[in-house]
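**Q** First the structure, which I've put down as structure tokens, then a few questions once you've had a look.
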Amino acid sequence: MPPPRHTPTTTAPTASAGAAFAQRQATVNRATLPTPEIADFAGPWLGTIGGCSVDAISEAQRGNGETTRTRCTAGIVTSYWITYRNLADREAAEARYRSQAAYAAALAAGAAAPTLKSTAAGRTMQYIEYAYRIPTGNRAGQVVAAIWWSDPTKPIAGVFTCYWADLASSWAPLRDLWAQATTTPVQR
């Protein structure tokens, strides 16, 4: 008599691997962000970042027009979640990053031109890739690659930064981090 054959059974779908962790991570990170508006903006990425803390720096040390800046990490990437006093201050920041983007390809080959990008949630974001060289200190001369994005209608923005060498001189890892979260929002 032949041995019985194994027949697959239908099972209920399960959450993707790591979903429970990502949801808990998102909850912890959401509590760290200073306003519900910036927490909602950062929401799609909150399950993939950690170690969030509000920068304890003075108004004079912050970028022009910033009211809060929260720093988080995702492995080799540092993220910042920024609120501005108003749209004019956010637009001034965007103009600064656009000017840096004009020279980004010379420092980090393959930088994309500033554009509008849509997320999976249907939000249109102003998206800028830029790069700069560290001017002083023990990392002087090293290049940092960054992605800055913002909802065009709100005084908020996000930034991902990473040393170009840590990205193996490729924009792909940084773009992937940005795109992963835009296509896989974390439940609240």
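The values are calculated or read from the model by the stated rules, or taken from the named source; none is laboratory data. Bear in mind the structure is a predicted one, so any value in this text is a computation, not a measurement. A quick note on method: Cβ atoms are made from the backbone with ideal geometry, for glycine too, and the neighbour counts reach across all protein chains shown. Keep in mind that these areas ignore ligands, DNA and RNA; they rest on the heavy atoms of the full protein, side chains included. Shrake-Rupley method; radii C 1.70, N 1.55, O 1.52, S 1.80 Å.
**Q** Calculate, for the range 75-167, the solvent-accessible area per residue in square angstrom, rolling a 1.4 angstrom probe over the heavy atoms of the protein chains.
**A** Value for the range 75-167: 45 Å² per residue.
**Q** DSSP loop (so not H, G, I, E, B), at most 12 other Cβ within 10 Å: list which GluC sites (Glu not before Pro) in the range 29-124 pass both filters.
**A** Glu59
**Q** Then there's this: In percent, how large is the relative contact order of the range 70-188, given Cα pairs closer than 8 Å and 6 or more residues apart?
**A** Relative contact order, the range 70-188: 26 percent.
**Q** With the crude spin-label approximation of a point 7 Å out along Cα→Cβ, what separation in nm comes out for Ala120 versus Glu37?
**A** 2.7 nm
**Q** Around Ala101, under 12 Å between beta carbons, what's the net of Lys plus Arg minus Asp minus Glu among the other residues?
**A** Taking every other residue near Ala101 into account, the sum is 0.
**Q** Could you tell me what percent of the accessible area of the range 44-141 is made up of carbon and sulfur, with a 1.4 Å probe and every protein chain present?
**A** Of the solvent-accessible surface of the range 44-141, carbon and sulfur hold 52 percent.
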